[in-house]
Amino acid sequence: MRTRKSPYPYWFVLPAAVIFTVLFLAPTIASFWFSLTRWDLFTTQFIGLENYRQFFREPFLIQGLVNTIIYAVLTSGTKTVLGLLLAVLLTSGLWGQGLLRTVIFFPVLVSTIGVGITFSVLMHPTRGVINVALAAIGIHGPGWLTDPALALYSIVFVDLWKGIGLATVIYIAGLASISPDYYEAARIDGATRTQMFFRVTVPLVRPATVTVVTLSLIGGLRSFDLIWAMTRGGPGFSSDVLASVIYKQYQAGFYGLSTAGNVILFLLIGLIVLPLTAWFNRKEVDL
């Protein structure tokens, strides 16, 4: 006789399922609906895809989308490369490496808003410490946050300064899991340090690379607080990203348009991160 399965185990899943539905699934579905409407606190008018059409017609909204992709690619790519190099350096028996690990990781613990305000002062075009120091040696410092061509990249630099420590720590944990036997076998075969790095270290820290790339990409695509604290998307719209554009639309009362921006940001993160993670995992299996 077939035994009937008890529903008892599913009761353990129920609390998590309720929390997921209330805090994620329901708001996500509601956002998709409200992105198809023109709404305020009291009225809702269905307008179909008009918010999306308007989003892609406005040049400053497109600029925010492009800036978001540039910001995410630059920050995630640089954190991945520098994080791995710093991790290799800090696990090589360097003198004082424990102190250096603390110094590199410390900015991760500092408030993002505090970092943004501090660097806004340091990068002031006339009174900032950076340009004052450059002037002392005869170099005319640029407007780090006032030049439209430099503003976004200056914020990228600050983001790297603050976030590189986390990538380094993740890679240090990945390097610690590699057996010394691999390096010993490579030395016996006559491999150089460079060959061991590319043929042993890089493939074996792939799980750490997946983690760093995924976290950095998601963080870069949804970045808001650092950009808002430093430039508020300016000068003009030169450092605006999707999150800051969405916030400005909410401030202006264009709730439907800003909700459409949220949906676009959600889809952008999914379309970039999910295939990339799947590709990384497939390559890991192939190894």
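The values are calculated or read from the model by the stated rules, or taken from the named source; none is laboratory data. All values derive from a computational prediction rather than experimental measurement. In this analysis, Cβ positions are derived from the backbone assuming ideal geometry, glycine residues included, and neighbour counts consider all displayed protein chains. SASA here: full protein model, heavy atoms, side chains in, ligands and nucleic acids out. Shrake-Rupley method; radii C 1.70, N 1.55, O 1.52, S 1.80 Å.
When you scan region 113-123, do you find a residue that is farther than 18 Å from V263 by Cβ, among the aliphatic types (A, V, I, L, M) and within 18 Å of the chain's Cα centre (by Cα), even just one? Let's see the steps before the verdict.
Kept after step one, since they are farther than 18 Å from V263 by Cβ, are these residues of region 113-123: 113-123.
Now restrict to residues that are among the aliphatic types (A, V, I, L, M): 113, 115, 117, 121-123.
Within this subset, residues satisfying the condition of being within 18 Å of the chain's Cα centre (by Cα) are 113, 115.
Checked region 113-123: at least one residue is farther than 18 Å from V263 by Cβ, among the aliphatic types (A, V, I, L, M) and within 18 Å of the chain's Cα centre (by Cα).
Taking each residue of region 192-204 that is more than 15 Å from T80 (Cβ to Cβ) and modelled with pLDDT of 90 or more and looking for partners that are open to solvent by 60 Å² or more (accessible area, probe 1.4 Å) and in a helix (DSSP H, G or I) with beta-carbon atoms closer than 9 Å, six or more apart or interchain, yields M196/Y182; M196/R187; V200/Y182; L204/Y182. Filtering region 151-189 to residues that are outside any helix (DSSP H, G or I) and touching a Phe, Trp or Tyr at 6+ places or on another chain (Cβ under 6 Å) leaves nothing. In the set (1) of a type in the set (V, I, T); (2) within 24 Å of A229 (Cβ to Cβ); (3) surrounded by fewer than 14 Cβ atoms within 10 Å (Cβ to Cβ), V158 fails one condition alone, (3). Within region 8-64, the set of residues being hydroxyl-bearing (S, T, Y) and either without any contact (Cβ under 8 Å) to a residue 24 or more places away in the chain or in contact with a Lys or Arg (Cβ under 8 Å, 6 or more places away or on another chain) (or both) comprises Y8, Y10, T21, T43, T44. When each of T211, T259 is tested for being under 22 Å from F32 (Cβ atoms), open to solvent by less than 70 Å² (accessible area, probe 1.4 Å), of a type in the set (S, T, Y) and assigned to a helix (DSSP H, G or I), the lone residue that passes is T259. Residues of region 164-191 that are among the polar types (S, T, N, Q), free of Cβ contacts under 8 Å to residues at least 40 places away in the same chain and closer than 30 Å to I218 by Cα: S177 alone.
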